[in-house]
Amino acid sequence: MRNNEAAARHHRLIYLLNVAQRRLQRWMAAQPSSEVTPAQAGLLFILGKQDGALMGEAGAALDMGPAGISGLVDRSAAARLVERRADREDGRAWRVWLTPKGRSVLTQAKTDAAAINAALTEGFTSAEIDVVARWLTSVQDKFPRARDSKD
């Protein structure tokens, strides 16, 4: 069964999605255990799976353009979470590596993310969460990232 247009307007999905994202971001940033921004945590998660990732690969995984990932890596390097090194095979490319501090912060970020995910899913069945995850994924498919986006 598909939602009709009137029902979709009634739910104010754009508004609800934007408010939920802003509130979650603000709440996460205000936590005393949080040493990093949500974006920095995302970068650490990517590097935790593929340390030494190319900056472009990390940016694509985070849905960020070249300027966005460059700024994020700069801020993360200034916080001594990551370091940027030239690629050995392509002098124009840069790889990003976790530092010892970055590995430590990643461990805490994983614990924090598990707690946040538990809070987000509390009161919902697995089937309901599967529908929410499918819907959020469909948004990415329906509205692909513009190739020239600066973020």
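The values are calculated or read from the model by the stated rules, or taken from the named source; none is laboratory data. In this text, all values refer to a predicted model and were calculated from it rather than measured experimentally. Here the Cβ is made from the backbone with ideal geometry for all residues, glycine too, and neighbour counts use every protein chain on show. Ligands, DNA and RNA are stripped out before the accessible areas are found, and what is left, the full protein with its side chains, is counted by its heavy atoms. Shrake-Rupley method; radii C 1.70, N 1.55, O 1.52, S 1.80 Å.
If you go through the stretch 63-95 and keep only what is surrounded by 20 or more Cβ atoms within 10 Å (Cβ to Cβ) and within 18 Å of ALA109 (Cα to Cα), you end up with LEU72, VAL73, SER76, LEU81, VAL82. The selection criterion, being in contact with a helix residue (DSSP H, G or I) (Cβ under 8 Å, 6 or more places away or on another chain), assigned to a strand (DSSP E or B) and in contact (Cβ under 8 Å) with a residue 40 or more places away in the chain, holds for VAL96. Taking the stretch 1-58 as the search range and keeping residues that are β-branched (Val, Ile, Thr) and more than 19 Å from ARG75 (Cβ to Cβ), which one is modelled with the highest pLDDT? Per the stated criteria, the residue is VAL19.
Residue selection: GLN25 satisfies the criterion of being touching a residue at least 12 places away in the same chain (Cβ under 8 Å), under 21 Å from LEU120 (Cβ atoms), in a helix (DSSP H, G or I) and polar (S, T, N, Q).
Listed here are the residues, each with its yes/no results for (1) under 23 Å from GLN21 (Cβ atoms); (2) of a type outside the set (Asp, Glu); (3) outside any strand (DSSP E or B).
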| position | (1), (2), (3) |
| --- | --- |
| ARG85 | no, yes, no |
| GLY91 | no, yes, yes |
| ARG103 | no, yes, yes |
| GLN108 | yes, yes, yes |
| ALA115 | yes, yes, yes |
| SER138 | yes, yes, yes |
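Screening PHE124 with (1) on the phi < 0 side of the Ramachandran plot; (2) open to solvent by less than 50 Å² (accessible area, probe 1.4 Å) gives one miss only, at (2). ALA119 fulfils the conditions (1) free of Cβ contacts under 8 Å to residues at least 40 places away in the same chain; (2) open to solvent by less than 40 Å² (accessible area, probe 1.4 Å) except for a single criterion, (2).
Of all the residues in the stretch 19-40, those that are farther than 16 Å from ALA119 by Cβ and open to solvent by less than 60 Å² (accessible area, probe 1.4 Å) number 4. If we scan the stretch 40-60, do we find a residue that is assigned to a loop (DSSP other than H, G, I, E, B), touching a residue at least 40 places away in the same chain (Cβ under 8 Å) and over 24 Å from PRO144 (Cα atoms)? Looking for residues that are assigned to a loop (DSSP other than H, G, I, E, B), touching a residue at least 40 places away in the same chain (Cβ under 8 Å) and over 24 Å from PRO144 (Cα atoms), one finds at least one in the stretch 40-60, hence yes.
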